[in-house]
Amino acid sequence: TRRIKAACGGRFVPVIFVTALTDDHALAKCVECGGDDFLTKPYSRVIVKAKVEAMARIGALYRQLGEQNAQLERYKEETEREMQLARHIFFAATSRKPRAAPYLQHWERALGHFSGDLLCYEHCPCGRVHVMLADFTGHGLAAAIGALPAADIFYSMTLKGFGIADIAAEIDKKLNYYLPTGHFCSACLIAIDANRGLMEIWNGG
């Protein structure tokens with residue numbers, strides 16, 4: 001029985017013992033070595049037929065479970081490929097590496113692959129540094145979706161010299177168009193003018 005089970009691998013091939021043994025320990029050993037059921041002599045054809053049919057039903061369930069597991073594995077592999085692509089796009093859009101600002105220090109650690117937390121900073125042509133700290137509703141990919149247009153607007157408008165009030169208005173307009181009701185962003189935008197010792201802050205949602 002052990003050799004039969006080993007040869008079948010993951011395929012369910014039932015083994016029913018037909019035995020004259022009635023000792024509980026002996027019958028338990030039949031099951032321990034891989035037996036799926038047993039019949040003690042004398043036995044009736046009706047009982048044999050019923051047990052074989054029961055094993056056939058169990059075998060059908062095993063096959064169905066195997067097919068479902070294979071489908072889940074394919075789905076998992078496909079999802080992982082899509083997640084890798086999404087991660088690449090997300091980090092390319094939100095994690096640019098601008099010129100360092102010595103007075104800015106930050107530490108980030110996401111709970112999962114994606115998050116709705118966004119920290120961006122970029123230098124303006126006029127010498128200011130713009131910083132955006134944002135938090136989107138929810139967690140994971142659903143929260144990260146809104147971060148893509150927000151980051152893109154922040155970087156592009158900062159590099160063109162727009163002020164943070166204009167940037168906030170444009171982000172608001174774009175998110176209001178793209179995001180469904182109940183999905184929103186709270187954010188703080190800061191313009192730092194180190195040469196003049198001035199800071200401008202926009203704080204809202």
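Residue pairs whose Cβ atoms lie under 8 Å apart, separated by 6 or more positions or on different chains, with the first residue in the range 1-27 and under 15 Å from Asp37 (Cβ atoms) and in contact (Cβ under 8 Å) with a residue 24 or more places away in the chain and the second of a type in the set (Asp, Glu) and in a loop (DSSP other than H, G, I, E, B), are Pro14/Asp36; Ile16/Asp36. The set of residues from the range 71-93 being under 15 Å from Ile145 (Cβ atoms), charged (D, E, K, R) and open to solvent by less than 90 Å² (accessible area, probe 1.4 Å) comprises just one member, Arg87. In the range 129-140, the residues that are at positive phi and free of Cβ contacts under 8 Å to residues at least 40 places away in the same chain reach residues that are assigned to a loop (DSSP other than H, G, I, E, B) and surrounded by fewer than 23 Cβ atoms within 10 Å (Cβ to Cβ) with C-beta atoms within less than 8 angstrom, at least six apart or across chains, in these pairs: Gly140/Gly112; Gly140/His113; Gly140/Phe114; Gly140/Ser115. Scanning the range 36-60 for residues that are small (Gly, Ala, Ser) and either under 23 Å from Arg2 (Cβ atoms) or in contact (Cβ under 8 Å) with a residue 12 or more places away in the chain (or both) yields Ala54, Ala56, Gly59. Among the residues of this structure, Cys120 does not count as one that is in contact with a helix residue (DSSP H, G or I) (Cβ under 6 Å, 6 or more places away or on another chain), over 28 Å from Met83 (Cα atoms) and not charged (D, E, K, R).
Screening Ile47 on (1) open to solvent by less than 100 Å² (accessible area, probe 1.4 Å); (2) out of contact with any strand residue (DSSP E or B) (no Cβ under 8 Å at 6 or more places or on another chain); (3) β-branched (Val, Ile, Thr); (4) modelled with pLDDT of 85 or more shows it passes everything except condition (2). Within the range 154-203, the residues that satisfy the criterion of being over 18 Å from Glu122 (Cβ atoms), free of Cβ contacts under 8 Å to residues at least 40 places away in the same chain and of a type in the set (Phe, Trp, Tyr) are Tyr177, Tyr178.
Checked against the criteria, Arg63 does not count as free of Cβ contacts under 8 Å to residues at least 12 places away in the same chain and either under 39 Å from the mean Cα position of the chain (by Cα) or surrounded by 11 or more Cβ atoms within 10 Å (Cβ to Cβ) (or both). The set of residues in the range 25-35 that are under 23 Å from Ala7 (Cβ atoms) and either touching a His at 6+ places or on another chain (Cβ under 8 Å) or open to solvent by 60 Å² or more (accessible area, probe 1.4 Å) (or both) comprises Lys29, Val31, Glu32.
The values are calculated or read from the model by the stated rules, or taken from the named source; none is laboratory data. All values reported here derive from a predicted model rather than from experimental measurement. All Cβ positions, even for glycine, are placed from backbone atoms using ideal geometry, and neighbour counts span all protein chains on display. Just so you know, the surface numbers come from the protein's heavy atoms only, side chains and all, with ligands and any DNA or RNA stripped out. Shrake-Rupley method; radii C 1.70, N 1.55, O 1.52, S 1.80 Å.
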